[in-house]
Each structure stands twice: as structure tokens, then as C-alpha cells.
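The values are calculated or read from the model by the stated rules, or taken from the named source; none is laboratory data. A quick note: this is a predicted structure, and the numbers were derived from the prediction, not measured. Note that each Cβ is placed from the backbone with ideal geometry, even for glycine, and that neighbours are counted across all protein chains shown.
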């Protein structure tokens, strides 16, 4: 066995692996013997099949399988022990001969693989001469008041008045079918249901309810209550199936047996604790609005960081154009698509540019991690998982023990843990970069930031997508 790496360009190499039949025979014969002992062949006792018969029937397939496994093993070992840093993974050279039925007769096999070679580079643009705009969003009075009014509208309590039914009330009705003329002995249908007064379709029925009290009776056509189809009436008002409904008339006499009304609750300390949490020291409108302003501005912090990252990404991608094996990386991309079962697509010139920018960014990020000895601790992962849980729960209050338990469960999922690890690394690299460049803070309104964010994300959308694709 022999394996050599030859540079065929500044950033592209060719691995040549030579294997002899003697390298393959031990593993090949082992597999043949295994099948000879375990397989069932017509005309032979178990374990007594001649080796020649097994080789004739299965030899070629077994040999190719063993050979391919040995190739993978040797290539992997070589890459692990080689001091040279690589990009991508080995791809069979485009002029490599394929294995075929003549493989068993050969004494020597030579395989060529192309591999990207990582260039040596220094990152440009990471100094105080590089200026990054970091926005600070301030919530104006209008935005704060809007959120405060929403809180007030959500502060409702249920009451059950006995009179003066209003448009926004929900009334419970007990109703009995009115049967006119000969009913052949059929008993009137009895039902009960609740309905919001403002959804009643018939103005006549609605006017016969508004302002009335408990115990009020009235006649109505059950199909004129709401603007709904017959199946809805059968299920929710009559509460029977379609077949039974055919024998029930339209007219009913109803009695109001309950009035349900939503009224504004007390604006007191209990209300504020319910909204902002038990630990919030908020007792009045002024303090509530100050907290709302703070929460609105904090909600924009992640988006502000994301935008600052895009500014950094754009600057570094522009200033750092070190050589990479572009044609080889496009081949790797296609190989990945084939392996994932995706349609193989080509990139146009602009998409290729963004794709290569994403690869260079990944290399710069890895260099920063290595050079600055950035590491992730268990505490980092647990904190990231806790933040993930908080986001999933959308601010729902949780005890710390419960939060920790949920975070640990999240980390037990291998895929989720891997994604969180990537997020933590990115945050650490981002924080490192922020300390290297000059930050220029600029205060903007919510509307101004939203516009700036939209414009910048639209223009850099493809950059982010190709960065994700490469990662």
C-alpha cells in the first residue's frame, strides 16, 4: 500500500492511493469464509460449500465491497495524520477509472482523489479602523402607549349580570321546538346552547334579546341565529345528526338562562404582577409604561446584533479574497446534493460569489476560534438551552428548576445540541470581533430600524443562505 499527496495548484491537491491484491486478500478471504459457513446453498450441507463456489457466485461483489472499505479507511487515516489543512473532502478524480468485472484479475489498483488545500492567510479588516454601525432602538411614546392599551384590553373579568343584555354579551339559551298542527305524537325537540349576541344574523331576533333579563322568552327560527350552514346548526344548536334534524322544525321558543359578560378588570398591583411577573415592582401606569419601553427595546437586541453581524460579514467578505479551490468546492456542493437526495442545481455567477464568500467566512471564523482558543463550556451550553426554552415558551413564567430540567432535555437531543453549539460559537466569535473593531452607536426609532433592517437583509439574503448551505 502506498499513499501520496501532490499539490497540483496553490489550493488543490491530488491524493494517489495504490493498493495491491495482497492488501485486499486477507479481508476478502475472511468475508468469503464467513459466507461459506453461514449461507445455504442447494446441494450442499451447511458449512460445507466449496470456497470456489462462493467465489464464483459472490466473489466479484464481495471483492469490490472490501476494496471500497479499505480505500475509505486508508484515505481517512491519511487525512487524520497529515499536517496539511484541507477544505472539503476527497472526491474521486474526474478521470478515475471505475471498478468493473475485471477487478478480480488485477494485481494492483491505483485511485486518484482531488482535495482542497486550505491556504495560509491573515484576516484583514479586524482593527479599529473598521467602523461598524450598531443601532440602538428607542421605543417612542406612541409605541409604548399602544402596547399599554393592549394590556388594558386583555385585562378582562367574567361577570354574570341578571338583566340588560348587551351587544357583546354571550347568552345561554334553553329552547323547545314549537310544533304546529298534527305531530303524529312526536315530542318537541329540546336543546340548549350559548351564542354571542353580536353574531346573531337576524336583526329581529337580536332586538328581541338586547336589553332583556334572565328568564326572558322569545320565539325564533333556529336557522336564522347565525350566518352558518345547516351542518353547523345540526351539530351546535340542535345537537343531532343530519338524519334526525330532518324531522325537527325551524321554530323554537327560547329562554335566557345565563348572561356572560367580559368587563374591564381592576388596574392594580395584582394586574401588573400578572403581566410582568411576581418579582416586578410595578404599581402604577407610569412604572408599567417604563417597563414596556424597556421590554420593547430589549426585544430588538437580537435583531440589532444580527444586523451588526451582516455589516461585519459584508466588510470581511469584501476585504478578504484569499484563494480557495472554487471549481473543486462546486463539485463538493453537487456531491452533497446527490448524497442528500436533492436535485442537483448550478449556481449563477452572483450565487457563486455569495457561495464562496460564505466559505471564506467559515474559514475566517475557524481561524478566530483556533487563534483565540475559543472554547464552549457546559455552562455555556446550558445557558443557551435555557434561552432556547424561554423563547419557545414565549415569556411564560417558569421556576428555575423546571427551566433547567427542560434545558437539559433539549440538550439530550443530539441534533439540537449540535445546532446550539454552533450558535454559541458564533456568538463568541461575534463578541470577539466587536471588541476588535470600532462600534458607532446610532439611535433610531422602531420604524427607522425596521426599514434599515429590511433593506439590508434583502440585499444580503443570498449571502446568508449560502453561508448556511456551506455550514
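In region 204-216, the condition of being in contact with a helix residue (DSSP H, G or I) (Cβ under 9 Å, 6 or more places away or on another chain), in contact (Cβ under 8 Å) with a residue 12 or more places away in the chain, surrounded by 13 or more Cβ atoms within 10 Å (Cβ to Cβ) and closer than 30 Å to residue 267 by Cβ is met by at least one residue. A single member of 387, 372 is touching a residue at least 40 places away in the same chain (Cβ under 8 Å) and on the phi < 0 side of the Ramachandran plot, and it is 372.
Filtering region 428-470 to residues that are closer than 21 Å to residue 362 by Cβ, at pLDDT 90 or above and surrounded by 12 or more Cβ atoms within 10 Å (Cβ to Cβ) leaves 428, 429, 430, 432, 433, 434, 436, 437. Checking each residue in region 264-283 for being surrounded by 12 or more Cβ atoms within 10 Å (Cβ to Cβ), without any contact (Cβ under 8 Å) to a residue 24 or more places away in the chain and either closer than 30 Å to residue 451 by Cα or touching a helix residue (DSSP H, G or I) at 6+ places or on another chain (Cβ under 8 Å) (or both) picks out 272, 276, 280, 282, 283. Taken over region 51-75, the criterion of being surrounded by 13 or more Cβ atoms within 10 Å (Cβ to Cβ) and either at positive phi or free of Cβ contacts under 8 Å to residues at least 40 places away in the same chain (or both) is satisfied by 51, 53, 54, 55, 57, 58, 62, 64, 65. Once region 1-37 is narrowed to residues that are more than 47 Å from the chain's Cα centre (by Cα) and free of Cβ contacts under 8 Å to residues at least 24 places away in the same chain, the residue that is surrounded by the most Cβ atoms within 10 Å (Cβ to Cβ) is 36. Counting only helices (runs of 4 or more DSSP H) that sit completely within region 306-402, those holding 3 or more residues that are at pLDDT below 95 and closer than 20 Å to residue 114 by Cα correspond to 326-339, 349-371. Take the conditions (1) part of a loop (DSSP other than H, G, I, E, B); (2) free of Cβ contacts under 8 Å to residues at least 60 places away in the same chain; (3) surrounded by 11 or more Cβ atoms within 10 Å (Cβ to Cβ); residue 83 misses just one of them, which is (3).
Quick grid of which residues meet (1) more than 24 Å from residue 89 (Cα to Cα); (2) modelled with pLDDT under 85; (3) part of a loop (DSSP other than H, G, I, E, B):
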{"residue": "15", "(1), (2), (3)": "no, no, no"}
{"residue": "25", "(1), (2), (3)": "yes, no, no"}
{"residue": "29", "(1), (2), (3)": "yes, no, no"}
{"residue": "33", "(1), (2), (3)": "yes, no, no"}
{"residue": "37", "(1), (2), (3)": "yes, yes, no"}
{"residue": "44", "(1), (2), (3)": "yes, yes, yes"}
{"residue": "60", "(1), (2), (3)": "yes, no, no"}
